[in-house]
Amino acid sequence: MANTNPISARIKSLQQVKTWQLVIVLLLVSFVAATFLRINNIGMIERRAAVIAADEAGDEEALVNRLYDLQRYVSRHMNTDLGRGVYLEASYNRALQQWQSQQYGDSNPNGNIYLKAQQVCAPQFSSYSSAYLQCTTAELAKYPAATEPTDGNDKPRQEAYIHSYVDPTWSPDFAGWSVLVAALVALLIVGRLISLAVLRLLLKRHYKQV
């Protein structure tokens, strides 16, 4: 019976902390981790909105600063995935509008085609939008450009106005540390259950051999 004392002592030491107590701790830590992860995501959303606002305002300096803020935040915080990235639609529209003005402006043999397209589309829309741009593009397509581009690289491409940054799998912030603590508590629960099962099995085998 003396050989069973160490096993029994280990079982009693493990039973001092109840599994349900560890489960409660895990739930609390998981809630804290989820809260911090949500805060990280909200921070990304706010900075992405600031980028879009600067883009729509046409403030190039502010846009560069907001993009830098977004990049720095995303690269330093987990759960800040941008998905398909942030699309600078207003910048693309301005660039395309400028390109169309150059290609279909006064030097066109058919006259200022860009002005003609504006005269057709402007009455249909109350403000500049993607629909207005599509209307203008459709009208310009009815006429040849003033000059033939040497290649296709001079026309603005939408993908060039999409900015995407990679968020880390784990970050050393409140969210990252709380997730790590939750993982450790979960491992502790699993390890405790396995240890109790093994010790009880050893104790049971010992009694069978006696």
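Rounded to the nearest 0.05, the FRET efficiency derived from the C-beta distance between Leu115 and Asp69 at R0 = 45 Å is 0.70.
Among Asp81, Asp173, the ranking by other beta carbons within 10 Å of each residue's beta carbon, starting with the fewest, stands as Asp81, Asp173. Strictly greater than 12 Å: what percent of every Cα pair in region 33-97 meets that? Percentage above 12 Å: 68.
In terms of other Cβ atoms within 10 Å, His163, His77 run from fewest to most in the order His163, His77.
For Arg200 and Asp81, FRET efficiency with R0 = 45 Å and r from the beta-carbon atoms, rounded to 0.05? Please report the intermediate quantities before stating the final value.
Values: r = 45 Å, r/R0 = 0.99.
Here the calculated transfer efficiency is 0.50.
Rounded to the nearest Å, what's the spacing between the alpha carbon centres of region 152-201 and region 37-76? Just the number, please. Distance between centres, Cα-based: 23 Å.
Each value in this text was obtained by applying a stated rule to the coordinates, not by laboratory testing. Fair warning: this is a prediction, and the values are worked out from it, not measured in the lab. Using ideal geometry, Cβ is built from the backbone for each residue, glycine included, and neighbour counts are taken over all protein chains shown.
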